[in-house]
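What follows is one structure encoded as structure tokens, with my remarks underneath.
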Amino acid sequence: MSNIIEVRNLSYVYGKDTPFEKKALDNVNLDIKKGEILGIIGHTGSGKSTLLQLLNGLLKPTSGTITFNGKNIWADDVKIRDLRFRVGLVFQYPEYQLFEETVRRDIAFGPKNMGLGDDEIAIRVNAAAEFVGLEEDILDVSPFELSGGQKRRVAIAGVAAMEPDVLVLDEPTAGLDPFGRSEILTRVCNYQSGSGQTVVLVTHSMDDIAKVADRIAVLYNSKIIMCGTPSEIFSHTDELEQMGLAVPEISMVFGELRRLGVDVDPSIYTLDDAVRVLCEMKGGGVNA
């Protein structure tokens, strides 16, 4: 699987050469593969949101490079505005950025700014609304009349309607109840599998990231200290806990079993795998 984005020796400093100087990212290297869901985890202040804004071109690196499809995004002949259509960023609590009179017009804002025709915009709006699960009768309602979960879906649809090659989501389930979180994550997975596009997902919920990510990158103290499959990452239970990151509940259970002397695989991180392994240990298979 080839890389769609490559980050090399990337650093970013806020307030450089001022008394308020703070290094948000320090010599970060990361490959993002075409068609994958990449999860990024880290405690508050680790640099996650800064990294996402750098990927989208909203911030310019202090040093290092970011390439998109093999091209440095800050090269002289690259239009950074066009990149932001190709790498679509949904901010944390994006519902606070809704501003149009109707849901339809809010979703259409991005495609309209791309210079698309009315017919193409209408097709994209309807497809994006369907992707996030918005009914037809909601499209002509003011977004401010909707529930929090519905507003979140409108905001995601507005970025999806631009049909970006990479959909970047910063805490898309923050503040939602368990049902709302599950629905958003299911929609994101359906979007990725249906479109084949790349998704980059930041979340504080280890259980959420365990369910959907193909790979996970861990940010700590402004550096990426590990990157791998969920089973590889969540097998490092002790290290993650030392970084202030709660591992999935299933990983915690299996970690405790190992500490009690039970010979179980420390890389188990989902309920389905846990049931399978425990049933095999019992000797009866999954239907036992």
For this session: Determine which member of the set 124, 104 is among the basic types (Lys, Arg), under 19 Å from residue 149 (Cα atoms) and touching a residue at least 24 places away in the same chain (Cβ under 8 Å).
Result: 104
Exercise. Can you name the residue in the stretch 248-273 that is surrounded by 19 or more Cβ atoms within 10 Å (Cβ to Cβ) and at pLDDT 75 or above and, of all such residues, is farthest from the chain's Cα centre (by Cα)?
Worked result: 254
Problem set entry | Criterion: at pLDDT below 90, over 20 Å from residue 48 (Cα atoms) and surrounded by 14 or more Cβ atoms within 10 Å (Cβ to Cβ) - qualifying residue of 182, 205 | 182
Exercise. Here is a list of conditions, (1) out of contact with any Gly (no Cβ under 7 Å at 6 or more places or on another chain); (2) of a type in the set (Phe, Trp, Tyr); (3) within 20 Å of residue 170 (Cβ to Cβ), and residue 220 meets all of them except one; can you say which number that is?
Worked result: (1)
Exercise. Being farther than 24 Å from residue 113 by Cβ, at pLDDT below 95 and of a type in the set (Asp, Glu), is that true of even one residue in the stretch 214-221?
Worked result: no
Problem set entry | Residue list for the stretch 17-59, restricted to those being surrounded by 15 or more Cβ atoms within 10 Å (Cβ to Cβ) and either among the β-branched types (Val, Ile, Thr) or touching a Pro at 6+ places or on another chain (Cβ under 7 Å) (or both) | 28, 32, 37, 40, 41, 50, 54
Problem set entry | Qualifying positions in the stretch 210-249 - in contact with a strand residue (DSSP E or B) (Cβ under 7 Å, 6 or more places away or on another chain), in a loop (DSSP other than H, G, I, E, B) and touching a residue at least 24 places away in the same chain (Cβ under 8 Å) | 213, 214, 222, 243, 245
Exercise. In the stretch 159-179, is there at least one residue being in a helix (DSSP H, G or I) and at pLDDT 90 or above?
Worked result: yes
For this session: Considering only the stretch 48-105, state which residues are part of a loop (DSSP other than H, G, I, E, B) and of a type in the set (D, E, K, R).
Result: 60, 76, 77, 79, 100, 101
Exercise. Which of the following residues is among the β-branched types (Val, Ile, Thr) and either in contact with a Gly (Cβ under 8 Å, 6 or more places away or on another chain) or over 27 Å from residue 86 (Cβ atoms) (or both): 270, 186?
Worked result: 270
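The values are calculated or read from the model by the stated rules, or taken from the named source; none is laboratory data. Since this is a predicted model, take the numbers as computed values, not measurements. Note that we place each Cβ from the backbone using ideal geometry, even for glycine, and neighbour counts take in every protein chain shown.
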